[in-house]
Each structure stands twice: as C-alpha cells, then as structure tokens.
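**Student:** Questions regarding the structure given below will be posed in turn.
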Amino acid sequence: MKPKILVTGGAGYIGSHTCIALHQAGYDIIVFDNLSNSSVEAINRVSNLIKTPVTFIKGDIRDRASLQKVFIEHSFFGVIHFAGLKAVGESVEKPLRYYDNNVSGTLNLLDIMRAHDVKNFVFSSSATVYGDPDVLPINENAPRSATNPYGHSKLMVERILEDLTSADEGWSLVTLRYFNPVGAHVSGQIGEDPNGIPNNLMPYISQVAVGKLAQLSVFGNDYATPDGTGVRDFIHVTDLAYGHVAALDYIQQQDHPTGFLPINLGTGKGSSVLELLTAFSEVSGQRIPYQFAPRRAGDIASCYASADKAKALLGWEAELSIKDMCADTWRWQRLNPNGFS
Ligand code: NAD
Ligand code: WQD
C-alpha cells in the first residue's frame, strides 16, 4: 500500500508543486487547506497534471473537529505541514492572526497527530529563522533570531518541535528551512499567485514583464555585495518539492535517527537582485524598467544556504538554474496573467 500523507496547505504555492512530486514518487496524498490564500483551481490543475483526482478537504488546522475527522477517516504515514500565513509586513500589523494560524494551528495539528500516533512530520520553516547571519553560507547550526511576528512564529514552532522531541523520541520532525522559493511548474499550469501587489521580488519582476506593473523598485544599491543590491539564494519550487519527497523517503528508512532535524533547502549559491532581473529580461525578451529605491526596512544584505546537510542526509540537491526559474515563472505569468482567477 502507498504511504498516505496529509498535506496541510497543499493548495498553496509550494504545497501544490509538492503534491505533484509526491504523487510521482508513489505517495498517496490528502490535501487539507482552508483556501485563505489559495484557490481550488490549483487543486484542479494538479489533478489534471497528475491525471488523478486529488482528495481535497476544505478545512482549517485550528478547527479541531474537522482535523479529528480526517485522522479518523484516514491512516497516515505522516504529515507535511505547509499551512500558515507568510506575509512579513502583514504579520507586523496583525501579529495575533499570525500566532493563531502559525503557532496555535500547528499545536492543534501536532496534538491530534499525537492522539492518533502519527509521528512523522515535515515542517515548512524558513531561512528567516537565521535573522541577519554572521557567517555565509548559513549552516543549520547558525544562531537563530527573528525580527517580525512571522519569523517569531516559525521560531516558536521550531522550539515546540525541539521540546516535543525531548519528551518523546518517537517523533521524526524534519524541519525544512526554505531559502527563497521562486519559479513555477514547467507546464505553466500552476505557480505563485500573490494577492494584490506582490511583496516578493520574482512575482514583482514577472508582473512588470507582463505589463501589469510599471516598474520595479530595487530596494537598496549600497549593500556590501558585488553590485550593491541584495543577494539571496533563489531556489526553484520544483527542486524544493523534491526536497520534501527526499525528507519523507528519509523518514521511511528503518534505521534513520528520529527527533528534531533541521535541514536547509537552498542551492548554496547567492544571486543579486540585479542578476535575477537581468536573467529574467534575457529569458523573457522583455524590457523590465527599474529604479533604485531606499533599502526596505528589515532587509539584510546577503543570505544563502549551505546545502551540504541536505545532500549528505537526504541525497537531495537543487538542480534547476536561475534561467529555469525565470523561464518557468515567465511561462506561468504569460499563460495566467491573472493567476488562478
Ligand atoms: P501559500 O500561502 O501559497 O500556501 C499556504 C497555504 O496554507 C495556502 O493554501 C493557505 O490557504 C493555507 N492555509 C493558511 N492558513 C491555514 C489554516 N489555518 N488552515 C488551513 N490552511 C491554511 O504559501 P507558500 O509560499 O506555499 O508557503 C508554504 C509554507 O512555506 C508556509 O508555511 C510558509 O510560511 C513557508 N515558507 C514559504 C516561503 C516562501 O517564500 N514562499 C519561504 C519560507 C517558508
Ligand atoms: C528579495 C530581495 C529585496 C521586492 C522573504 C521573506 C522570507 C521568506 C522568503 C517566508 C531583497 C529585493 C524585493 C521588490 C526588491 N518567506 N526586492 N524589490 O525578503 O529575501 O524573503 O521571502 O519565509 O521570510 O522575508 O524575499 O523576494 O521579498 O526580496 O528590490 O519589489 O529583493 O530588497 O533584497 P526576502 P523578497
């Protein structure tokens, strides 16, 4: 029998891509999502791409009764937990909403998992837990800190997972710290569909390229980086999706060590804002107007991963290039100028 996986937040950007990779790898998936930041159309498209209907349950991880029902009806090998809110700026304005969704929601889920003796968990953490790093590339032992409620919520969940491990060694808690996920499925059928004006760089660039936005503001050109603009570890969402499959495959091995296991998912390589902009322009053939603007509050100069642990432990490494990330984002943007709507 195929191992069954509950995918919370599986209708979202990273979740939908991961559903495809999980299906291809032979996992049986059940998606649980309240659609607060996604569309059921993403699920329909995933079903079409994998030529199999995805089982979708509309529900909220904070709602005990509906989660209980799912665990009674299905026997899970494990849970991949994407569900959560992720807008840094909004988290500053609405901290309670973020702690409620990201921390209370996760506590609820873990408690129900415990009650049903499902103890394999893959958590969506973030490079944001490293704050402003002292040493690059960043490895998993680097000190952790956060500067906004979103980051704090990820740190709090990591702490909860560590405490859970100390209390009960039966848990396998793989904590994947994503760097900067970008790109879209190669088919152009699913991709990132931000609400309103995008906060993140790649969706902003692609909306300028397609003519929805007039020009990009490059936040800061006086950082201590090769061209003065911010440097990030952009990682293709398809590579990221395979990282989740690798994490589950690892947990399935009989003799794997249990406990709290933080792992970076990045490429190990930093690219600057201007490098990404230039690559996108070349790949799309579009002129992308931009202007330099002041630094954005809370931004750091450079952030890129040491990807060694993921390779050593999971046998996973990112394969797709910046050009692939731009080409796939552009295909998705061109085919779906208004996202899923
Ligand atoms: P997303 O918003 O596209 O997906 C999150 C999904 O969770 C959405 O479909 C949303 O409807 C659902 N959701 C939110 N709250 C819920 C709740 N209470 N109950 C049920 N469903 C709920 O975001 P994404 O980019 O796919 O991110 C997935 C996860 O990865 C998040 O936890 C995010 O914090 C984390 N992460 C994202 C990035 C990034 O840059 N995209 C980077 C690092 C970490
Ligand atoms: C990248 C670079 C900007 C927009 C965020 C979250 C982080 C994680 C990933 C969830 C920076 C510059 C951006 C623009 C710009 N998410 N930029 N003009 O800030 O590295 O990370 O997403 O966990 O927690 O903070 O990503 O794409 O917003 O910015 O010049 O219009 O692009 O200043 O240098 P960031 P980003």
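**Student:** Highest first, please rank the peptides 198-211, 51-64 by the mean number of other Cβ atoms sitting within 10 Å of their residues.
**Tutor:** On the way: 198-211: 20.1, 51-64: 16.1.
Put in order of decreasing packing, that is 198-211, 51-64.
**Student:** Loop only by DSSP, 14 or fewer other Cβ within 10 Å of the Cβ. Give me the GluC sites (Glu not before Pro) in the range 160-211 that pass, ordered by residue number. Please report the intermediate quantities before stating the final value.
**Tutor:** On the way: sites: 162, 169, 192; in loops: 169, 192.
Filter output for the range 160-211: 169.
**Student:** Less than 13 Å Cβ to Cβ from residue 187, Lys/Arg counted +1 and Asp/Glu -1: what total charge do the surrounding residues give? Please list the in-between numbers first.
**Tutor:** Details: positive: 45, 51, 331, 334; negative: 328.
Net charge in that neighbourhood comes out at +3.
**Student:** When all alpha-carbon pairs of the range 38-178 are counted, what percent fall beyond 25 Å? Display every interim value, and only then the final one.
**Tutor:** Details: 3463 of 9870 pairs.
Value for the range 38-178 (Cα pairs over 25 Å): 35 percent.
**Student:** Then there's this: Simple spin-label model, 7 Å along Cα-to-Cβ: residue 212 to residue 297 in nm?
**Tutor:** Output for this residue pair reads 2.7 nm.
**Student:** Counting only protein heavy atoms, what percent of the accessible surface of the range 129-269 is carbon or sulfur at a 1.4 Å probe? Write down the numbers at each step before the final one.
**Tutor:** Working: 2770 of 5740 Å².
The value for the range 129-269 is 48 percent carbon and sulfur by accessible area.
**Student:** Packing-wise, with mean Cβ within 10 Å as the measure, how do 275-287, 131-143 rank, highest first?
**Tutor:** Numbers: 275-287: 17.4, 131-143: 15.1.
Put in order of decreasing packing, that is 275-287, 131-143.
**Student:** Give me the base-10 log of I(q)/I(0) for the chain at each q in 0.07, 0.08, 0.09, 0.10 Å⁻¹, Debye formula, one uniform scatterer per Cα, rounded to two decimals.
**Tutor:** -0.27, -0.35, -0.45, -0.56
**Student:** Add +1 for every Lys or Arg and -1 for every Asp or Glu among the other residues with Cβ under 13 Å from the Cβ of residue 334, and state the total.
**Tutor:** Values: positive: 212, 331; negative: 328.
Net of charged neighbours comes to +1.
**Student:** Now for a different question. Give the accessible surface of the range 57-179 per residue, rounded to a whole number of Å², with probe radius 1.4 Å and ligands, DNA and RNA excluded.
**Tutor:** Values: 5440 Å² over 123 residues.
Counting only protein heavy atoms, the per-residue value for the range 57-179 is 44 Å².
**Student:** On to the next question. Among 104-116, 247-259, how do they line up by average Cβ neighbours within 10 Å per residue, starting with the highest?
**Tutor:** On the way: 104-116: 17.8, 247-259: 14.7.
Highest-to-lowest ranking by the protection proxy: 104-116, 247-259.
The values are calculated or read from the model by the stated rules, or taken from the named source; none is laboratory data. Since the model is a prediction, treat every value here as computed from it, not as a measurement. Because the Cβ atoms are built from the backbone with ideal geometry, glycine has one as well, and the counts that use them run over all protein chains shown. The protein model used for the area step is the full one, side chains on, heavy atoms only, and it has no ligands, DNA or RNA in it. Shrake-Rupley method; radii C 1.70, N 1.55, O 1.52, S 1.80 Å.
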